[in-house]
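*Asks:* Structure in structure tokens, see below.
The values are calculated or read from the model by the stated rules, or taken from the named source; none is laboratory data. Keep in mind it's a predicted model, so treat the numbers as computed, not measured. Positions of Cβ are backbone-derived with ideal geometry, glycine not excepted, and every protein chain shown enters the neighbour counts. Heads up: the accessible areas ignore ligands, DNA and RNA and are worked out on the full protein's heavy atoms, side chains in. Shrake-Rupley method; radii C 1.70, N 1.55, O 1.52, S 1.80 Å.
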Amino acid sequence: MTFGSTRRVFLKTAATALACGLAGSALAQTTTADTELKPGQWLWYPERSLYGPVAIIVSLSDQLAFVYRNGVRIGVSTVSTGRQGFETPTGVFTIFKKEKMHHSKQYKNAPMPDSEFFFGGAALHAGGLPGYPSSHGCVHLPTSFASLVFGVTHNGTPVIVTKERSGIGSLSHSGLVMSENDLKQIETMTGHVVSKKLPVDTQGKGQGNFSLLVSAADRKIYGMKDGKIILQSDVQITNPNRPVGSHVYILQGFDPGRKNFDWLAVGMGTGHEDNIEQPKELAATERLVIPPDVYAKIAKNLHPGSAFMFTDLPAHPDTRTGTDFVIMRDGRSS
């Protein structure tokens with residue numbers, strides 16, 4: 001499977017992905033465990049983590065969406081994803097467009113409240129929740145929950161869609177993609193991360209959101225600002241014949257006292273929220289060898305909330321539609 005073939009398959013249904021149904025009514029928030037939530041029910045507890053980068057993880061098998069802030073789960077909701085023939089694409093995405101009220105031009109101006117687009121016409125938004133996959137590719141959320149999620153995200157917020165549940169955990173490292181000495185020197189010179197704050201929602205306007213993609217297949221690293229490639233370089237992978245897997249890391253910030261970068265690691269499709277193998281995640285990044293001049297370019301653009309994606313798959317230009325540069329993991333789901 002390649003990005004190109006996955007992309008072509010998905011484009012056959014991208015035109016209809018805009019028609020993701022009318023907004024459904026939301027049930028009241030409950031205190032039920034997520035495994036017992038009924039269609040339309042949701043949980044929201046933002047007081048668990050008041051500040052930090054947000055990540056949204058959608059589990060197709062469970063028909064649930066999880067919202068994490070600073071590595072702590074602050075919300076979970078039932079969802080309805082794409083039905084057979086219009087399956088929601090699996091992969092690692094970032095939100096590239098937000099609209100408080102979007103209307104589908106393809107399907108008779110159908111309303112899509114609190115739309116957050118992450119690939120082509122596929123979006124998170126308020127919609128029908130019959131208890132099974134029913135959309136044309138979007139992720140339907142309860143009305144009230146969709147509004148809450150809309151309020152804590154921004155363009156560039158990661159959206160991770162997997163077949164199974166994915167975990168999330170914290171990592172403290174000298175930089176993941178850079179050597180300890182290099183990063184300390186760069187941080188001393190620029191103070192770049194320390195001086196920057198998390199991005200906020202700017203009503204759909206770009207604000208310099210930076211993300212990284214490393215393709216082990218291509219031996220390339222790509223740096224993207226607001227979805228546009230601003231740097232591209234060759235990289236080396238030690239033990240190149242051994243797979244690296246698929247990894248996602250989200251930068252929390254820089255700790256000046258410990259001289260460490262704090263990251264969140266997403267355990268892709270691990271089956272459980274807490275199943276993060278920290279040594280495995282760190283070992284994957286330590287196989288990267290990046291040219292020194294690229295270190296400096298990355299350092300100047302990193303900010304809290306930056307996403308770093310590392311995959312065995314190739315990164316073909318055909319995977320891009322405008323500003324949504326993605327990692328596809330399963331061609332059968334696109």
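*Asks:* Past the 20 Å Cα-Cα mark, which pairs from 105/228; 97/225; 225/300; 280/300? Intermediate results must be reported in sequence, preceding the final value.
*Replies:* Working: 105/228 26 Å; 97/225 14 Å; 225/300 12 Å; 280/300 28 Å.
Cα-Cα > 20 Å for 105/228; 280/300; rest within.
*Asks:* Once phi is turned into θ = phi - 60°, what whole-Hz ³J(HN,Hα) does the Karplus curve with 6.51, -1.76 and 1.60 give for every residue of the stretch 43-60, x standing for Gly and Pro?
*Replies:* The phi angles translate into 10, 9, 9, x, 5, 5, 8, 8, 8, x, x, 9, 9, 10, 10, 10, 9, 5 Hz.
*Asks:* Using a 1.4 Å probe and counting only protein heavy atoms, arrange 98, 225, 280 so the residue with the most accessible area comes first. Kindly include the intermediate steps, with their values, before the conclusion.
*Replies:* Working: 98 15, 225 75, 280 115 Å².
So, going from the largest accessible area down, we get 280, 225, 98.
*Asks:* If you don't mind, there's one more thing I want to ask. If 62, 34 are ordered by their accessible area, calculated over protein heavy atoms with a 1.4 Å probe, which sequence runs from highest to lowest? Walk me through the numbers on the way to the answer.
*Replies:* Values: 62 65, 34 20 Å².
Ranked list, largest accessible area first: 62, 34.
*Asks:* Give me the accessible area of residue 287, 1.4 Å probe, in Å² rounded to the nearest 10.
*Replies:* Roughly 10 Å² of residue 287 is accessible to a 1.4 Å probe.
*Asks:* Another question, if that's okay. With each pseudo-label sitting 7 Å past Cα toward Cβ, what's the residue 100-residue 300 distance in nm, one decimal?
*Replies:* So the two model labels end up 3.7 nm from each other.
*Asks:* According to a simple spin-label model (label point 7 Å from Cα along Cα-to-Cβ), what is the distance in nm between residue 219 and residue 45?
*Replies:* So the two model labels end up 4.9 nm from each other.
*Asks:* Counting only residues 5 or more places away or on other chains, whose amide H sits under 5 Å from the amide H of residue 97 once H atoms are built in the peptide plane?
*Replies:* Close amide H contacts, sequence-distant or interchain: 117.
*Asks:* Tell me the per residue accessible area of the stretch 59-126 using a 1.4 Å probe; a whole number in Å² is fine.
*Replies:* 32 Å²
*Asks:* Mind ranking 86, 261 by accessible surface for me, highest first, 1.4 Å probe?
*Replies:* Numbers: 86 50, 261 0 Å².
Accessible-area ranking of 86, 261, largest first: 86, 261.
*Asks:* Now a separate question. Need one number: nm distance between label points at residue 84 and residue 229, each 7 Å from Cα along Cα→Cβ, rounded to one decimal.
*Replies:* That separation, rounded to one decimal, is 3.9 nm.
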